[in-house]
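What follows draws every value from the coordinates through simple rules; no lab data is involved. Nothing here was measured: the structure is a model prediction, and the numbers come from that model. Using ideal geometry, Cβ is built from the backbone for each residue, glycine included, and neighbour counts are taken over all protein chains shown.
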Amino acid sequence: MKPVIIKSYLLSQFSEIVHGISTKIGSVNDFNFNLGNFSNQQNDIKEKNRKIFFDALNIDLKRVVYQQQVHSNKFTLVNEPKLEKENDALITTQKNLFLVVTIADCIPILFYDRTNQIIGVVHAGWRGTYSKILLSTIEFAITEMKLSINDTFFYFGPSICSNCFEVDEDVAQLFDSKFVKKKEKKFTVDLPQVNLNYLMKLGFNPSNVHISRLCTFECSSLLHSYRRDKENSGRMIGVIGIR
Ligand SMILES: [Zn+2]
């Protein structure tokens, strides 16, 4: 059984790019196919699952960059395989280096500048979105790496949708009211649209941004959701690399 891997139609047009988001479906004996660190599952199962996932994409496990995500706005330019601690976005221009973002409701953002051969991953939940991790990462890439506004393509992978992401007023008020809706006694926030808005303010064309319509909370047979499954939730990973 091969793992089910979700891809972006925008990034799939580049043959030099390897990318994908894992799902709950990946091995015969472990339907939940957890690939993250922070769950109840044992380490050896996680490692076995990671190998199945990376093998399916023909990625060498020794060429992967992981990050220990903390919902911050810290990003790092990396040049070699490692575990980047307390970090939520990675950028590189190195070929054959594969950047990983771990998710279960937060938005996994993958990007590729085909002119300058820059790739990156961003972990954007509500805290990361509020602290502008995507904006900080992309502004750095524009200023320091000459990232091309016209030639960069983004994939916002599966995340909790705006209708399911219910919050109290304290969180709702952190965001521009045009991205917030009242839902009975709660509020909902459209985090992908907040992040898209950051990109549009920098001049990116929305047609270069693919926003997945798959909701992690609703797609219970396909996707992990921390909100839905709490401490029993596994983690999916998103990965991108240049061959
Ligand atoms: Zn939903």
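Some points to look at:
- Note on the stretch 116-137 and the stretch 210-243: Cα centroid distance 17 Å, given to the nearest whole angstrom.
- The simple spin-label model puts a point 7 Å past each Cα toward its Cβ; for Ile142 and Asp170 those points are separated by 3.4 nm.
- The stretch 158-225 has equivalent-ellipsoid semi-axes of 21, 19, 7 Å, by the square roots of 5 times the alpha carbon gyration tensor eigenvalues, sorted largest first.
- The mean of 1/r over all pairs of different alpha-carbon atoms in the stretch 36-147, once inverted, gives a Kirkwood hydrodynamic radius of 14.6 Å.
- Were the residues from Val28 through Lys186 laid out at 0.36 nm apart, the gain over their Cα-Cα distance would be 52.9 nm.
- Free-standing Cys residues across the chain, given no other cysteine C-beta under 4.7 angstrom: Cys106, Cys164, Cys219
- Kirkwood hydrodynamic radius over Cα pairs of the stretch 133-197, then Stokes diffusion coefficient at 10 °C and 1.306 mPa s, in µm²/s: 117
- Put a dot 7 Å past the Cα of Lys132, heading toward its Cβ, do the same for Lys2, and the two dots end up 4.3 nm apart.
- Label-to-label distance, Ser177 versus Glu86, with points set 7 angstrom from Cα along the beta-carbon direction: 3.8 nm.
- Were the residues from Asp60 through Lys230 laid out at 0.36 nm apart, the gain over their Cα-Cα distance would be 58.1 nm.
- Candidate lysines for bridging to Lys48, where Cα separation is under 19 Å - those fewer than 8 sequence places away on the same chain excluded: Lys2, Lys24, Lys62, Lys82
- The stretch 1-90 shape via C-alpha gyration tensor axes, a/c threshold 1.5: oblate
- In Hz, Karplus ³J(HN,Hα) per residue of the stretch 42-59 (6.51, -1.76, 1.60; θ = phi - 60°; x = Gly, Pro): 6, 4, 5, 5, 4, 5, 5, 5, 4, 5, 4, 5, 5, 4, 5, 9, 6, 9
- The simple Förster model, with R0 at 35 Å and r as the Cβ-Cβ distance, assigns Asn116 and Ser221 a FRET efficiency of 0.35.
- As a ratio to 2.2 N^0.38 Å, the alpha-carbon radius of gyration for the chain is 0.95.
- In the stretch 127-243 the Cα-Cα distances spread across 10 Å bins starting at 0 as 12, 37, 36, 14, 1 percent of all pairs.
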